[in-house]
Amino acid sequence: MGLHTGEATPTPDGDYTSLEVHRAARIAAAGHGGQVLVSETTRALVSGMLPADVTIRDLGEHRLKDLRPERLSQLVAAGLPADFPPIRSLDRRPNNLPTQLTSFVGRDDDLATTLLLLDASRLLTLTGPGGIGKTRLALQLAAAAADRYPDGIWFVPLEPLREAELVPGTIARAVGLADSGVRPTMELLVEHLARRTCLLVLDNFEQVIAAAPLAAQLLRACPNLTIVTTSRGALHVSGEQEYAVPGLPAPPDQRHLSTFELARLPAEIRAADPATLNQYEAVRLFVARALAVRADFRVTNENAPAVAGICATLQGLPLAIALAAARVKVLAPDAILERLEHRLELLASASRDLPERQRTLRGAIAWSYDLLDDAGRRLLARLAVFVGGCDLAMIEQVCDPGAELGVDLLEVLATLVDQSLVRSDDIAGSARFSLLDTIRTYGAERLDASGEGQPSGNATSRRTWNSRSAPLPSSPDPRNARGWIGWRRTLTTSGPPSTAPRRSPIRRPPSGSGSRSGGSGNSAAISARGASGSRPSKRMAGT
């Protein structure tokens, strides 16, 4: 049994939800049968109030499976067993998983799904755009699966690397191997891991994607080794299982819903009731991060619509939500929502201990953008003109007139999808492509910086095209590329994002739609539900 004290919010179905409820569950999971564990918060509250025959034994500080330290005690009372094995904390197993200073919010379904995937695959790649929470999910997954790997769980950050040749040495140092300088590092690494049951978490693999065959080589040579990687795109090696990390479920943004769509919403969601909003993981994350900078922050009837609007506008992107929540120190939620029109400037952090790419939303997107070749950058910028998404024919007509990109358009588009910069949805049997609003904003900046987004011809201002509300007008001479760029701006004036419901992401285009280096044809992909505009529900994953 685990005893912890904190606030919990009742849900409409009579259940309770809060970070403290999860904390109590983790404390209970660390104990043994018949053992009663007590958190430091509860111990402080009951100290001096217990009967004479009941005492509390200090067990010291332990890291639980949320990777945060917790000082635990044991309740000792007449009639209860008093002696137990060491509690089942994370540090029972050899590991170097970094301690987390913030709570892990939501992701229950993602964690359950990825744990199941580890049963079926020894190479699991978590993919998604920057800021979606791949690293945090990977760390939580490793902690949750710790009991499966008695010989250790090793976190290997690849972010500083730019050369694939440095990967074996980086892994070797993480698992405690010293480079002898005599034998090849890879040979030493295989020898060390061959008889061990352990887990490697290789973070930010997109930086050294040329080292992808190394993962397959290690798995072949080490039968009890499992590898989890995080990357903007899949590794494309044999035996890989891909899991596309979705955004956190967020409430619908009622500002951009039609009267008919509003009428179809359940009354409690339409009323933006704080208790109902708290069921959404995106809202819970916003509140948790807001409390870190302003201890008296609460979701009230007055600010609930703005909080819902912030989470919906940011499409459940954890990094963006955390950066927005940090602004409650100086801005009310209504003011934050109003300023999200300039989201890339607003969403920045002053935290000095975060990597540069996580201090601003612009930095997170630029990290992926800089990894693209010239054709990929140009296509991403040009796709920013589509507000409501587009199909392949539209992309060919608007973004690559006269094949001016100079490369296979489908190949470049497949790369953008594979790098989690473009989303692909299956709508009535046809592929439809779209950008997260934050990525589209960045792409529009790049389009303007290139000069292609500036007014030309008869256009008097920069325009975007909401493809759900405007048909394609007659096009200019396909030989005049500048004319096409200007034509894109004449389609409709820019406005709020499309109000059409968000659709769940699907598997990326198959390798047959464009060859990619390192592809094996044996990769599998899974994606989950995802997104703002939908009610909180159980998510289904499919291959």
Mind listing whichever residues of region 291-328 are among the small types (Gly, Ala, Ser), more than 19 Å from Arg107 (Cα to Cα) and in contact with an Asp or Glu (Cβ under 9 Å, 6 or more places away or on another chain)? Ala304, Ala306, Gly309
Just checking, does region 347-355 include any residue being crowded, with 20+ Cβ neighbours inside 10 Å and either modelled with pLDDT under 85 or more than 25 Å from the chain's Cα centre (by Cα) (or both)? yes
Output the number of the condition that Tyr442 fails; it satisfies all remaining conditions of (1) under 19 Å from Pro246 (Cα atoms); (2) at pLDDT below 85. (1)
So, of the residues in region 415-433 that are surrounded by 15 or more Cβ atoms within 10 Å (Cβ to Cβ) and among the hydrophobic types (A, V, I, L, M, F, W, C), which turns out to be farthest from Leu372 (Cα to Cα)? Ala431
Among the residues of region 240-285, which ones are in contact with a strand residue (DSSP E or B) (Cβ under 9 Å, 6 or more places away or on another chain) and not hydrophobic (A, V, I, L, M, F, W, C)? Glu240, Gln241, Glu242, Tyr243, Pro246, Pro274, Asn278, Gln279, Arg284
Return the residues of region 395-415 that are under 29 Å from the mean Cα position of the chain (by Cα) and either free of Cβ contacts under 8 Å to residues at least 24 places away in the same chain or more than 17 Å from Gly233 (Cβ to Cβ) (or both); say none if nothing qualifies. Ile395, Cys399, Leu409
Give the number of residues within region 416-435 that are closer than 17 Å to Gly388 by Cβ, touching a residue at least 24 places away in the same chain (Cβ under 8 Å) and out of contact with any Leu (no Cβ under 8 Å at 6 or more places or on another chain). 7
Only residues that are surrounded by fewer than 16 Cβ atoms within 10 Å (Cβ to Cβ), hydrophobic (A, V, I, L, M, F, W, C) and more than 27 Å from Leu285 (Cα to Cα): list them for region 77-109, please. Ala77, Ala78, Leu80, Ala82, Phe84
Exactly one condition in (1) closer than 14 Å to Leu126 by Cα; (2) part of a loop (DSSP other than H, G, I, E, B); (3) in contact with a helix residue (DSSP H, G or I) (Cβ under 7 Å, 6 or more places away or on another chain) is not met by Leu200; state its number. (2)
Going residue by residue through region 299-317, is there one that turns out to be on the phi > 0 side of the Ramachandran plot and in contact with a Leu (Cβ under 9 Å, 6 or more places away or on another chain)? yes
Among the residues of region 150-167, are any assigned to a helix (DSSP H, G or I), crowded, with 17+ Cβ neighbours inside 10 Å and not aliphatic (A, V, I, L, M)? no
Within region 381-433, can you find the residues that are of a type in the set (D, E, K, R), outside any helix (DSSP H, G or I) and closer than 15 Å to Leu447 by Cβ? Asp400, Glu404
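Residue check: is Asp373 acidic (Asp, Glu), modelled with pLDDT of 70 or more and under 19 Å from Arg284 (Cα atoms)?
Working: acidic (Asp, Glu): yes; modelled with pLDDT of 70 or more: yes; under 19 Å from Arg284 (Cα atoms): no.
For Asp373, the condition - acidic (Asp, Glu), modelled with pLDDT of 70 or more and under 19 Å from Arg284 (Cα atoms) - is not met.
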Inspect region 46-59 for any residue being within 30 Å of Thr197 (Cα to Cα) and either surrounded by 12 or more Cβ atoms within 10 Å (Cβ to Cβ) or modelled with pLDDT of 80 or more (or both) and give the result as yes or no. yes
Scope region 247-303; condition part of a helix (DSSP H, G or I), hydroxyl-bearing (Ser, Thr, Tyr) and within 26 Å of the chain's Cα centre (by Cα); matching residues: Thr276
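The values are calculated or read from the model by the stated rules, or taken from the named source; none is laboratory data. Fair warning: this is a prediction, and the values are worked out from it, not measured in the lab. Here Cβ is always computed from backbone atoms with ideal geometry, including for glycine, and neighbour counts include all displayed protein chains.
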